[in-house]
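This report refers to the structure that appears directly beneath it.
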């Protein structure tokens with residue numbers, strides 16, 4: 001293929017790998033690393049027999065057999081998504097991309113090998129970012145504190161890093177929307193599942209009261225999951241890890257003891273991130289925040 005070098009940049013190869021059945025995140029990352037290290041062309045990789053892909057590249061048998069057959073459904077899905085990515089300007093960030101956030105390599109137990117990005121990727125480089133640590137089931141007073149703390153941080157120039165499908169995350173996003181300021185949203189599913197086929201749907205119902213479309217001219221949405229992936233049980237933990245990893249400051253508002261957010265807060269503190277603990281007007285703090293302050 002005369003234009004192979006142009007057509008098979010790391011981003012396009014990574015997109016292809018996310019379409020292969022039974023190819024998990026860690027295996028995908030291993031393939032990308034070896035592909036870059038050994039400078040294997042994509043054409044050479046796709047011609048490898050299944051037994052070599054299993055023995056030397058560490059793939060599961062099902063993934064290796066799928067790669068050996070371009071006539072299967074996964075290859076047609078890749079071609080469709082490849083066209084969609086080009087049409088809508090979705091960026092596929094791998095470790096080789098200059099915009100890939102190095103903070104994730106420092107924070108995550110295993111940094112996502114691929115990030116799909118739609119919108120303003122400049123937000124990964126500009127200014128400072130903050131996250132709100134507020135567990136599900138937080139009392140109303142804590143949710144109101146999320147509104148206040150987020151609004152103040154945004155007015156001080158901070159960019160919120162948030163999710164889209166829990167009340168604390170949504171309230172953080174709404175604070176930015178009301179102030180007409182940028183935000184970064186990390187998904188627990190693929191971009192298509194969250195934004196719709198034209199990648200323009202607001203991320204949650206309340207946001208639709210303020211805006212008719214997702215604001216790609218202002219905001220950024222990120223997903224470490226394949227474009228068409230739905231939400232699975234552990235995906236929300238991956239989302240929270242990336243949210244905390246991207247933040248320079250974490251406001252600990254109401255944290256359930258023993259939960260994922262408490263564990264991530266301790267990791268953030270150990271890595272030198274700034275942690276701000278919130279107290280209710282009567283001095284009450286959640287058990288997770290208290291344990292953080294006391295240790």
- Item | The one condition in (1) in contact (Cβ under 8 Å) with a residue 12 or more places away in the chain; (2) in contact with a helix residue (DSSP H, G or I) (Cβ under 7 Å, 6 or more places away or on another chain); (3) surrounded by fewer than 18 Cβ atoms within 10 Å (Cβ to Cβ); (4) in a helix (DSSP H, G or I) that residue 62 fails to fulfil | (2)
- Task: Considering only the stretch 92-117, state which residues are in contact with a helix residue (DSSP H, G or I) (Cβ under 6 Å, 6 or more places away or on another chain) and surrounded by 16 or more Cβ atoms within 10 Å (Cβ to Cβ).
- Result: 92, 94, 101, 103, 104, 107, 108, 111, 113, 114, 116
- Query: When you look at residue 38, is it closer than 15 Å to residue 10 by Cβ and loosely packed, with under 14 Cβ neighbours inside 10 Å, yes or no?
  - Reply: yes
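Yes or no, residue by residue, for (1) surrounded by 22 or more Cβ atoms within 10 Å (Cβ to Cβ); (2) free of Cβ contacts under 8 Å to residues at least 12 places away in the same chain; (3) touching a helix residue (DSSP H, G or I) at 6+ places or on another chain (Cβ under 9 Å):
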site: 134; (1), (2), (3): yes, no, yes
site: 143; (1), (2), (3): no, no, yes
site: 146; (1), (2), (3): yes, no, yes
site: 156; (1), (2), (3): no, yes, no
site: 194; (1), (2), (3): yes, no, no
site: 201; (1), (2), (3): no, no, yes
- Item | helices (runs of 4 or more DSSP H) (entirely within the stretch 165-246) containing at least 3 residues that are in contact with a strand residue (DSSP E or B) (Cβ under 6 Å, 6 or more places away or on another chain) and farther than 17 Å from residue 116 by Cα | 167-178
- Task: Could you please tell me which pairs satisfy a Cβ distance under 7 Å, a separation of 6+ or placement on different chains, a first residue in the stretch 92-108 that is without any contact (Cβ under 8 Å) to a residue 60 or more places away in the chain, and a second residue that is in a loop (DSSP other than H, G, I, E, B)?
- Result: 100/94; 105/111
- Message: Only one of 284, 216, 206 is at negative phi, out of contact with any helix residue (DSSP H, G or I) (no Cβ under 7 Å at 6 or more places or on another chain) and surrounded by fewer than 16 Cβ atoms within 10 Å (Cβ to Cβ). Can you tell me which?
- Response: 284
- Task: Could you check, for the stretch 248-271, whether at least one of its residues is within 17 Å of the chain's Cα centre (by Cα), outside the structural domain of residue 23 (by TED's automatic domain parsing), modelled with pLDDT under 95 and surrounded by fewer than 20 Cβ atoms within 10 Å (Cβ to Cβ)?
- Result: yes
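The values are calculated or read from the model by the stated rules, or taken from the named source; none is laboratory data. From a predicted model like this one, the values you see are computed outputs, not experimental measurements. Here Cβ is always computed from backbone atoms with ideal geometry, including for glycine, and neighbour counts include all displayed protein chains.
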